[in-house]
1. In this model, which of K27/K459; K560/K589; K53/K228; K238/K272; K238/K258 are farther than 19 Å apart at the alpha-carbon?
2. Within the chain, which is the longest segment that contains none of the GluC sites (Glu not before Pro) sitting in a DSSP loop with at most 12 other Cβ atoms within 10 Å?
3. Do the alpha carbons of any pairs in K154/K188; K433/K499; K476/K520 sit beyond 26 Å of each other, and which pairs?
4. Between E130 and K3, what is 0.36 nm times their sequence separation minus the Cα-Cα distance? Round to one decimal in nm.
5. How many nm separate the modelled label positions at H335 and I78, each set 7 Å beyond the Cα in the direction of the Cβ?
6. Specify which labelled value, from [x] 1.30; [y] 1.17; [z] 1.08, agrees with Cα Rg over 2.2 N^0.38 Å derived from the coordinates of the model shown.
7. For the chain, give the magnitude of the charge dipole about the Cα centre (Cβ charges: +1 Lys/Arg, -1 Asp/Glu; no others), in debye to the nearest 20.
8. Please compute the net charge surrounding H428, taking Lys and Arg as +1 and Asp and Glu as -1 over other residues with Cβ under 10 Å from its Cβ.
Amino acid sequence: QEKLDMSTYPVESIRNFSIIAHVDHGKSTLADRLLEITGTISKTDRNKQVLDKLQVERERGITVKAQSASLFYNHEGINYLLNLIDTPGHVDFSYEVSRSLSACQGVILVVDANEGIQAQTVANFYLAFEAQLSIIPVINKIDLKNADPERVEKQIEKLFDIPTDECIRISAKQGTNVEKVLQKVIEKIPPPQCNTADPLKALVFDSTFDHYRGVIANIALFGGEIAKGQKIVSAHTKKRYEVNEVGILTPNEQPTHKLYAGQVGYLIAGMKEVTEAQIGDTLFLYKQPVEPLPGFKSAKPMVFAGMYPIDQTEYNNLKSALERLTLNDSSVTVHRDSSLALGAGWRLGFLGLLHMEVFNQRLEQEYNMSVILTAPTVPYKAVLSSAKLIKEYGKDQITIINPAQFPDKLSVSEYLEPTVLGTIVTPHEYIGKIITLCQDRRAVQKDMLYIDENRVMLKYLFPLNEIVVDFYDALKSLSSGYASFDYEDAGYQSADLIKMDILLNGNPVEELATVIHNDKAYAAGKLLCERLKETIPRQLFEIAIQAAIGKKIIARETLKPYRKNVVAKCYGGDITRRMKLLRRQAEGKRLMRKIGNVEVPRDAFIRLLKRETDK
């Protein structure tokens, strides 16, 4: 494979840009067309989402990981090098988007001519706007019969202050006008501000793991040049490496002699663990230290779930599968955890529910591991007031991931729960239903804005635990699928939280304890007791299933015992004889209940802890 010479592309003829949009507005399809026009991939009918390489992405038709590609394009006699980054659209992966933007000087904002502006469009626009990138608005899917590009242009003008004549109308599927997008990229997006004469300064904005070559880091050069054999140092870990290979991604890796300032490419330097290629890290030449670039805020897990092997003998296999998969997905946090019912396992932190599903699916597909995932929970905080506990933890504020570690009310001055600022974009006819839904979820309205005569943007402050399981589904079904939802972290606020225990014949079952808001405790307790009644097998003695807060019982279900028909042999005779037999049976059952202990079978736990689908 011939190595390319990258020195023919000076900084002035380089353009780095990303494609950002809401889910399903045609980002990856537009990327395919751009790759075809520049001759990076050959034109065939099979080019569908070329940059989505994972099996999960192909099956679900979504982008999970940002992918970059370098394109060569000749415009007015000059050869340009365009570095394109295709980003995901779901709210769970907005972390990927903000990272990709750090390596760019401009973005293409794609809006669907049919759907118009949606929640992620707004969120992604502000990410790009805050990073002070130049924005090229593109209206896609004009070939659809319901497309209304004029309406969308007005929306863009009203919300983003971009004049309507700047919008380019295209159809990425049919390739209409796509050439125009490339010309606009060259005219509107500035070249990177850097110089090859400066010392080397490279930003690691993504990394993947290859079993044979170690870590492959995606880098953007902000100064200097890098070549095979050079000694480089990481600003974060202070470790020293020797560069084995550099190159560009023309979706596939293409080695080059050198990479120069302003270019985006990949680097392999014998890093053994992905933690060494810290995302947001700065690389520089040995003995030529530079001021490190501002990194990224690390991704904050929003949802926690327990993960356990279905069979404990699979523990070690699952452990190695998890280690290998977290190498490629650095935003998952892993803590060891064990439970009496399910054995040893882990507590994993995810960015959102879709992220959790995708992670689980990748475990199944890429490593053949099937696991038990418990119902998702969110991290709470407690401000401690007892001196003894503060001394024990070494700080006055603790984070509670597992309900079993929830501290007692007496030793806590206040509990805090995580909140998010949600943006909902919806057609105005559904607004009443949606406001009611938000109020049911303890949300506080912050803002309401009409985008045009039939679209409304609502802003609400939500407690995270209210939206984590099924808010999105409820919103979609209320609005016939038209409303879109996006959220961002909004810190913690104090809340009236309690720990609800489940008792079986007076003995608490640790795995079923949950942390819940006081207002919702009764309903949740009742639901849980009813479901337990269905899943626990009947015994020969009565079982009382109770939900309790502290000493107070808030809900109860009774599981009736099996009993033999002791009066079958009585025929006529006196009633006292009958009563005597029944009394003796009741006495025996009472004795049995004292000494009998209730074993909750493992599959009952699994059925309960799996998602509550039948709400």
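We did not get these values from a lab; they are worked out from the coordinates using the rules stated. Here the structure is a predicted model, which means the values were calculated and not measured. All Cβ positions, glycine included, derive from the backbone under ideal geometry; neighbour counts span all protein chains shown.
1. On the way: K27/K459 26 Å; K560/K589 11 Å; K53/K228 27 Å; K238/K272 15 Å; K238/K258 23 Å.
Violating the 19 Å Cα-Cα cut-off are K27/K459; K53/K228; K238/K258.
2. Working: sites that count: E2, E76, E273, E453, E599.
Segment 77-272 is the longest.
3. Values: K154/K188 21 Å; K433/K499 31 Å; K476/K520 23 Å.
With Cα atoms farther than 26 Å apart: K433/K499.
4. On the way: separation 127, 0.36 × 127 = 45.72 nm, distance 3.76 nm.
Contour length minus the Cα-Cα distance gives 42.0 nm.
5. Computed distance between label sites H335 and I78 equals 5.4 nm.
6. Checked against the structure: label [y].
7. Values: 78 positive and 77 negative charges, 749 e Å.
Dipole size: approximately 3600 debye.
8. Working: positive: R455; negative: E429, D452, E453.
So the environment of H428 carries a net charge of -2.
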